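All remarks here apply to the structure that follows.
The values are calculated or read from the model by the stated rules, or taken from the named source; none is laboratory data. Note that the structure is a prediction, hence the values are computed from the model and not measured. When we count neighbours, we look across all protein chains shown, and the Cβ atoms used for this are built from the backbone with ideal geometry, even at glycine.
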Amino acid sequence: MKAGTLKAAILPTGSVEQHNEHMAMVADVAISTLISQQIALQLYPNVVVAPPSPCGYAPYHMARKGTITLRKETLQAYVLDVLESLKAHGIQTILVLNGHGGNHAPLLEPLDAWREKLGITLEVDSYWNGIPKEF
């Protein structure tokens with residue numbers, strides 16, 4: 001940060017949910033974190049990966065044991081708190097890289113309000129859509 005080379009951060013998000021017996025319950029956040037790390041390595045030393053948000057919005061998977069879900073509002077509040085923390089430390093460009101389909105709409109919903117409140121360059125997208133050109 002002091003050197004001025006750090007320009008952006010990536011916040012991976014995911015879910016702790018059922019994936020039948022063939023995948024880990026943390027697959028969504030593990031995949032988004034790995035992709036975030038690979039992006040950061042390509043953009044080193046300009047990008048850092050924030051600690052991932054492992055739990056997401058998955059109430060429709062609660063019938064499967066082990067699933068952990070957040071209320072939509074809780075997910076949004078958590079992500080906003082992390083964004084505010086990153087901004088407080090001087091990060092002016094942030095990509096929230098989602099890895100769980102159920103998080104996509106809840107994270108896009110407050111995007112304009114978050115941009116206005118924070119006054120930073122902010123993008124939210126799911127990894128399967130590719131990385132936004134703005135980032």
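For (1) closer than 25 Å to A88 by Cα; (2) of a type in the set (G, A, S); (3) at pLDDT below 95; (4) not in a loop (DSSP other than H, G, I, E, B), each residue gets a yes or a no:
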site: A3; (1), (2), (3), (4): yes, yes, yes, no
site: L6; (1), (2), (3), (4): yes, no, yes, no
site: I10; (1), (2), (3), (4): yes, no, no, yes
site: M25; (1), (2), (3), (4): no, no, yes, no
site: Q37; (1), (2), (3), (4): yes, no, no, yes
site: A40; (1), (2), (3), (4): yes, yes, no, yes
site: V48; (1), (2), (3), (4): yes, no, no, yes
site: P51; (1), (2), (3), (4): yes, no, no, no
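Specify the residue that is farthest from K87 (Cα to Cα); the eligible residues are those in segment 1-36 that are polar (S, T, N, Q) and under 12 Å from the mean Cα position of the chain (by Cα). Give the steps one after another, and end with the answer.
Pass one, segment 1-36, residues polar (S, T, N, Q): 5, 13, 15, 18, 20, 32-33, 36.
Now drop any that are not under 12 Å from the mean Cα position of the chain (by Cα), which leaves 13, 15, 32-33, 36.
Values: T13: 18, S15: 24, S32: 21, T33: 20, S36: 18 Å.
In this case the residue turns out to be S15.
Set side by side, the residues Y57, Y78, Y44 differ, and just one is free of Cβ contacts under 8 Å to residues at least 24 places away in the same chain and either in contact with a strand residue (DSSP E or B) (Cβ under 9 Å, 6 or more places away or on another chain) or among the aromatic types (F, W, Y) (or both), which is Y44. With (1) of a type in the set (A, V, I, L, M, F, W, C); (2) part of a helix (DSSP H, G or I); (3) within 16 Å of P12 (Cα to Cα) as the list, and A113 as the residue in question, which single condition is left unmet? All conditions pass for A113, except number (3). The residues on offer are A30, A63, A105, and the sole one that is aliphatic (A, V, I, L, M), free of Cβ contacts under 8 Å to residues at least 12 places away in the same chain and part of a helix (DSSP H, G or I) is A105.
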